[in-house]
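A quick write-up on the structure given underneath.
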Amino acid sequence: VLDSVEDFYGFWLLSTNNKFEGKTIKLGADLAVNPVNETTIAAWRNGSQTPENIWNPIGSSSLPFSGTFDGCGHTISGIYLKDTSEELTYSGLFGVTAVGSVIRNFRLVDSYFERTGQKSNIAFLGSVVCEARGVVDSVYSNAVLVTDGQQAGGIVARLNYIDTNYKEPIEVKNCWFDG
């Protein structure tokens, strides 16, 4: 159970070498990663302010998140991610999720995601999941997304059906984007 911002960053750190296959990670409280007021997002966007806590996505193409992340109805706010690398990356709260994974039941609010600068102009950006290969269910986001790429989505940038013989669902349902 993640009860604090420190726990949340600890989860991210563990995700750099753990897929969490067969595991369920739950939010135990609302998390304010960075303080946000009516001018914060604009300051992040124009570069006049950078928050203390910078976010890096959970899960990558080589190590996708394979478990269940259950927000238990809680809210995550103040996420700041700015990726201007020229390399292909998957930017979002979650970068890449695996077949059989489930991301569900939380609100992502007052957050900022920017993905610009990739040479091929294909910058992937989704506020909740960049590339989903599992289920995203009952998630709300009002995050601000800024990209110069071709694949972006308020909740999910892209659903990836790598193999047509899947027995697990790959879907986004009961979600709402208001960014």
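The values are calculated or read from the model by the stated rules, or taken from the named source; none is laboratory data. Keep in mind the model is a prediction, meaning the values are calculated, not measured. Note that each Cβ is placed from the backbone with ideal geometry, even for glycine, and that neighbours are counted across all protein chains shown. These area figures cover heavy atoms from the full protein model, side chains too; ligands, DNA and RNA do not enter into them. Shrake-Rupley method; radii C 1.70, N 1.55, O 1.52, S 1.80 Å.
Some notes on this structure:
- Taken about its Cα centre, the chain carries a charge dipole of about 340 debye when Lys and Arg each add +1 at the Cβ and Asp and Glu each add -1 at the Cβ.
- Formal net charge of residues neighbouring Q151 (Cβ-Cβ distance under 13 Å; K, R +1; D, E -1): 0
- In Hz, Karplus ³J(HN,Hα) per residue of the range 25-33 (6.51, -1.76, 1.60; θ = phi - 60°; x = Gly, Pro): 9, 10, 7, x, 6, 5, 10, 9, 5
- Residues whose placed amide H lies under 5 Å from that of I25, excluding near-sequence neighbours: T68, F69, D70
- Net length available on complete extension from S4 to Q150 is 49.1 nm, with 0.36 nm assigned per residue and the Cα-Cα distance removed.
- Cα-centre dipole for the range 77-179 with unit charges at Cβ (Lys and Arg positive, Asp and Glu negative), debye to 20: 180
- Pairwise inverse Cα distances across the range 58-175, averaged and inverted, put the Kirkwood hydrodynamic radius at 14.0 Å.
- Normalised by the number of residues in the range 1-45, the mean separation of alpha-carbon contacts (under 8 Å, six or more apart) gives a relative contact order of 53 percent.
- Total formal charge among the other residues, if their Cβ is under 12 angstrom from that of L2, Lys/Arg +1 and Asp/Glu -1: -4
- Candidates L159, F8, G71 compared by Cα position along the dipole of the chain: farthest toward the positive end lies L159, with charges placed on Cβ.
- Accessible area (Å², per residue) of the chain, counting only protein heavy atoms and a probe of 1.4 Å: 47
- If R0 is taken as 30 Å, the Cβ-Cβ distance between N17 and T84 corresponds to a FRET efficiency of 0.75.
- Mean separation of Cα contacts under 8 Å, 6 or more apart, over the residue count of the chain: relative contact order %: 18
- P(r), alpha carbons of the range 1-76 - 10 Å bins starting at zero, rounded %: 17, 41, 31, 11, 0
- Just so you know, the Rg over Rh for the range 101-142 is 1.04, from Cα atoms, with Rh as the Kirkwood radius.
- Ellipticity at 222 nm from helices only: DSSP H runs of n ≥ 4 in the chain, each -39500 (n - 2.57), divided by the residue count, give -3000 deg cm²/dmol.
- Annotation: peptides 143-152, 73-82, ranked by per-residue average of other Cβ atoms within 10 Å with the highest first, follow the order 73-82, 143-152.
- Ordering of 110-119, 12-21 by packing [mean C-beta count within 10 Å, highest first]: 110-119, 12-21
- Per-residue extension of 0.36 nm, minus the Cα-Cα distance of N53 and N174, leaves a gain of 40.6 nm for this segment.
- Here the chain exposes an accessible surface that is 45 percent carbon and sulfur, computed with a 1.4 Å probe and the other protein chains kept in place.
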